[in-house]
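Asks: Below are the structure tokens for one structure; questions will follow.
The values are calculated or read from the model by the stated rules, or taken from the named source; none is laboratory data. Quick caveat, the model's predicted, so the values are computed rather than measured. No Cβ is skipped: glycine too gets one built from the backbone with ideal geometry, and neighbour counts run over all protein chains shown.
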Amino acid sequence: MHRCILAALSSALLAETLLAAPTASSCTATDYSQVSAVVASCTEIILDNISVPAGSQLDLTKVNPSTTVTFAGTTTFGFKAWKSPLILIGGTDFHITAASGAVIDGNGAAWWDGKGDNGVEKPNHFIQVKAAGTHSLIENLVIKNYPAHCFTLGGSNLVVKNVKLDNLAGEAPNKLSGGAPAAHNTDGFNVKATNVLLQDITVINQDDCVAVSSGSSNVTVRNASCDGSHGLSIGSVGSDTTIKDIFFYDSTVKNGENGVRIKTVSGATASVVQNIVFQNITLSNLSKYGIDVQQDYLNGGPTGNATNGVKVQDVTFKNVTGTVTSKAKDYYILCGSGSCSNITFSGVKVTGGTEDSCNFGKLC
């Protein structure tokens with residue numbers, strides 16, 4: 001009788017101990033098959049030379065609160081034509097970083113066809129982030145050769161700093177791209193979040209460097225270096241959304257299409273873009289627009305007929321300077337009837353273009 005009771009008590013205590021056992025402090029995964037186990041059980045994780053198989057994702061959404069994940073060596077990905085993200089990051093107050101010399105290589109050449117979203121299916125974003133808690137941090141990453149859009153940032157209270165996105169290899173044509181750059185629609189950072197800081201970032205790509213859209217607020221971009229891109233952007237802004245309190249400071253945009261821009265979708269309604277600042281931005285060798293505010297945006301190209309369903313108000317361009325190519329426009333400002341207000345320009349000087357077009361303000 002007593003033995004049975006003791007055995008039962010021992011079993012119960014063992015089960016309770018296992019359930020209450022703290023997570024391990026440090027774990028290293030050297031194979032993809034080990035990742036889910038270390039994510040579940042550790043708060044200091046090293047991912048060392050992980051090769052993610054085709055059709056699989058590196059899922060870091062179930063990390064314990066306040067977990068640090070360190071990428072080491074080279075992280076690689078097998079090819080599959082699909083639209084799912086290849087890296088998923090989420091959780092409460094996470095810290096994502098990298099060891100010295102580490103590279104995340106997206107194997108973009110396996111997808112690149114010069115058509116971006118319109119060609120072979122590609123991961124809709126290479127890295128999908130959803131931050132929770134009071135302070136999450138992504139830093140010290142080097143990411144190369146991502147297939148299409150790189151980061152989508154969601155959630156709140158996130159800092160991204162000292163991150164380099166290098167898609168320079170995608171500038172070269174391949175046998176599928178018809179002489180055009182093989183990489184296309186390679187946005188660096190798409191932000192759909194609140195309370196975000198992007199600082200000391202470098203983006204070499206073939207689309208928006210940073211694009212802030214869809215309900216974002218209190219987003220600051222500071223010391224961004226954008227090369228080959230479509231610039232620092234608000235939008236494109238569709239219907240039924242508010243984007244406010246967005247600040248771009250102390251950044252450079254070169255060798256691409258556009259500098260700084262606000263683009264609202266032609267025909268969009270019931271949206272507001274408010275309290276936007278572009279300050280101390282240096283532009284060079286841009287082929288399309290230096291400063292661009294357009295309310296006629298469509299993916300296929302501007303319609304030339306602005307619509308007024310999106311209110312653009314309280315926008316500051318301060319010390320935005322630099323050059324565009326001779327076929328570009330220094331300024332393109334096309335507002336709908338009554339939909340732009342309190343847009344101010346100070347210390348603004350963009351030169352090199354042969355023609356400007358403005359229906360609001362005194363730039364042109």
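Asks: Which numbered condition trips up SER214, out of (1) at pLDDT below 95; (2) over 27 Å from GLY309 (Cβ atoms)?
Replies: Every condition holds for SER214 apart from (2).
Asks: Moving on. Does the stretch 297-339 hold any residues that are modelled with pLDDT under 95 and either more than 19 Å from SER266 (Cα to Cα) or among the hydrophobic types (A, V, I, L, M, F, W, C) (or both), and which are they?
Replies: LEU298
Asks: Among the numbered criteria (1) in contact with a Phe, Trp or Tyr (Cβ under 6 Å, 6 or more places away or on another chain); (2) over 28 Å from PRO147 (Cα atoms), which single criterion is violated by GLN295?
Replies: Here GLN295 clears every test but (1).
Asks: Identify all residues within the stretch 76-92 that are within 19 Å of the chain's Cα centre (by Cα) and buried (at least 17 other Cβ atoms within 10 Å of the Cβ); write none if there are none.
Replies: Going residue by residue through the stretch 76-92, those that are within 19 Å of the chain's Cα centre (by Cα) are 83-91.
Matches in the stretch 76-92: PRO85, LEU86, ILE87, LEU88, ILE89, GLY90, GLY91.
Asks: Contact list please: Cβ distance under 9 Å, first residue in the stretch 103-124 and in the same structural domain as PRO147 (by TED's automatic domain parsing) and of a type in the set (Phe, Trp, Tyr), second residue at pLDDT 95 or above and in a helix (DSSP H, G or I), pairs at least six apart or on different chains.
Replies: Qualifying pairs under 9 Å: TRP112/ALA169; TRP112/GLY170.
Asks: Confirm whether ASN342 is modelled with pLDDT of 95 or more, at positive phi and within 29 Å of the chain's Cα centre (by Cα). Quick ask: steps written out before the conclusion?
Replies: On the way: modelled with pLDDT of 95 or more: yes; at positive phi: yes; within 29 Å of the chain's Cα centre (by Cα): yes.
Yes.
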